[in-house]
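Okay, so here's the structure we're looking at.
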Amino acid sequence: MAKASPQQRVIFLSAPFSEIYYGQLCGQSKDILPALDIYQSAEVEILGKPFNLCIIGASHFIYSKELDYSEIFACAPLSLANLNVLDVRKLGSKELEPFVLPEVRVTTRISVEAYDETQLSKKKPLLEYAFEPQGLTQIWQSETGWETLHTYPEYEACVRTQTTLALV
């Protein structure tokens with residue numbers, strides 16, 4: 001069962017962000033965690049494995065200490081090697097190369113879409129956080145993974161991710 005921490009404050013972002021730095025990592029969760037501002041989190045179980053789903057700064061961080069796996073999406077550059085960069089002003093979608101761990105295979109699809117408020121899901125997210133003046137991050141858990149939504153109203157865009165796990 002998920003335990004979500006309560007929303008505590010609304011964060012005002014100092015500048016519009018047009019890029020997301022993202023990646024899937026192995027063996028770095030314990031090094032990354034102390035540097036993150038975690039605004040909301042939930043402990044969940046997916047395919048029998050423990051995961052922490054977190055809304056951070058202006059994006060998300062998902063990790064499993066047991067699997068030694070992390071997924072990070074951040075609007076500010078991080079001092080991590082091998083992160084990819086996504087321009088939120090360019091519409092399109094792509095599927096990342098599968099990330100294979102000893103116990104699970106992780107597949108992530110990223111879509112940058114045109115956005116308006118009518119596109120928000122009617123399904124209540126597990127975690128949701130508003131970033132003023134108009135940004136929003138949402139995370140949903142599914143049986144085999146998670147989905148996220150990050151809005152960028154200043155660019156009339158949103159970024160959706162869908163991550164699916166499969167036991168190997």
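The values are calculated or read from the model by the stated rules, or taken from the named source; none is laboratory data. Every value quoted in this text rests on a predicted model; they were computed, and no experiment measured them. Glycine also receives a Cβ, built like all others from the backbone with ideal geometry; neighbour counts cover every protein chain displayed. For accessibility, only protein heavy atoms count, side chains too; no ligands or nucleic acids. Shrake-Rupley method; radii C 1.70, N 1.55, O 1.52, S 1.80 Å.
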List, please: which pairs have Cβ atoms under 9 Å, are six or more places apart or on different chains, and start with a residue in region 31-45 that is closer than 15 Å to LEU136 by Cα and end with one that is modelled with pLDDT of 80 or more and among the hydroxyl-bearing types (Ser, Thr, Tyr)?
TYR39/TYR129; TYR39/THR137; GLN40/TYR129; GLN40/THR137
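Kindly check whether there is at least one residue in region 151-162 that is under 13 Å from the mean Cα position of the chain (by Cα), surrounded by 12 or more Cβ atoms within 10 Å (Cβ to Cβ) and of a type in the set (Gly, Ala, Ser). Working first, answer last.
Step one: of region 151-162, the residues under 13 Å from the mean Cα position of the chain (by Cα) are 151, 158-162.
The next check asks that each one be surrounded by 12 or more Cβ atoms within 10 Å (Cβ to Cβ); those that pass are 151, 158-162.
Subset that is of a type in the set (Gly, Ala, Ser): none.
No - not one qualifying residue is present in region 151-162.
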List pairs: first in region 68-79 and on the phi > 0 side of the Ramachandran plot, second surrounded by fewer than 23 Cβ atoms within 10 Å (Cβ to Cβ), Cβ under 8 Å, 6+ apart or cross-chain?
ASP68/CYS26; ASP68/GLY27; ASP68/SER29; ASP68/LEU101
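Of all residues in region 140-150 being farther than 12 Å from ILE55 by Cα and not acidic (Asp, Glu), which is surrounded by the most Cβ atoms within 10 Å (Cβ to Cβ)? Let's see the steps before the verdict.
Quick first cut of region 140-150, residues farther than 12 Å from ILE55 by Cα only: 141-147.
Narrowing further to those that are not acidic (Asp, Glu): 141-142, 144-146.
On the way: GLN141: 18, SER142: 13, THR144: 14, GLY145: 22, TRP146: 24.
Going through the qualifying residues, I end up with TRP146.
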Residue among GLU66, GLU71, GLU43 that is over 16 Å from the mean Cα position of the chain (by Cα), of a type outside the set (Gly, Ala, Ser) and at pLDDT 90 or above
GLU66
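Tally the residues that are of a type in the set (Asp, Glu) and modelled with pLDDT of 90 or more, restricting the search to region 120-155. Don't jump to the end; show me each part of the working.
Pass one, region 120-155, residues of a type in the set (Asp, Glu): 128, 132, 143, 147, 154.
Next cut, modelled with pLDDT of 90 or more only: 128, 143, 147.
Final tally of qualifying residues: 3.
Report yes if LEU53 is out of contact with any Leu (no Cβ under 9 Å at 6 or more places or on another chain), under 18 Å from THR137 (Cα atoms) and aliphatic (A, V, I, L, M), otherwise no.
On the way: out of contact with any Leu (no Cβ under 9 Å at 6 or more places or on another chain): no; under 18 Å from THR137 (Cα atoms): yes; aliphatic (A, V, I, L, M): yes.
No.
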Do any strands (runs of 3 or more DSSP E) lying entirely in region 55-139 carry at least 1 residues that are open to solvent by 20 Å² or more (accessible area, probe 1.4 Å) and not aromatic (Phe, Trp, Tyr), and which ones are they?
84-87, 92-95, 104-114, 127-132
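Within region 151-158, can one find any residue that is on the phi < 0 side of the Ramachandran plot, of a type in the set (Phe, Trp, Tyr) and in a loop (DSSP other than H, G, I, E, B)?
Start the filter on region 151-158 by keeping residues that are on the phi < 0 side of the Ramachandran plot, which leaves 151-155, 157-158.
Those still in the list that are of a type in the set (Phe, Trp, Tyr) too: 152, 155.
Checking which are in a loop (DSSP other than H, G, I, E, B) leaves us with none.
Scanning region 151-158, I find no residue that is on the phi < 0 side of the Ramachandran plot, of a type in the set (Phe, Trp, Tyr) and in a loop (DSSP other than H, G, I, E, B), so the answer is no.
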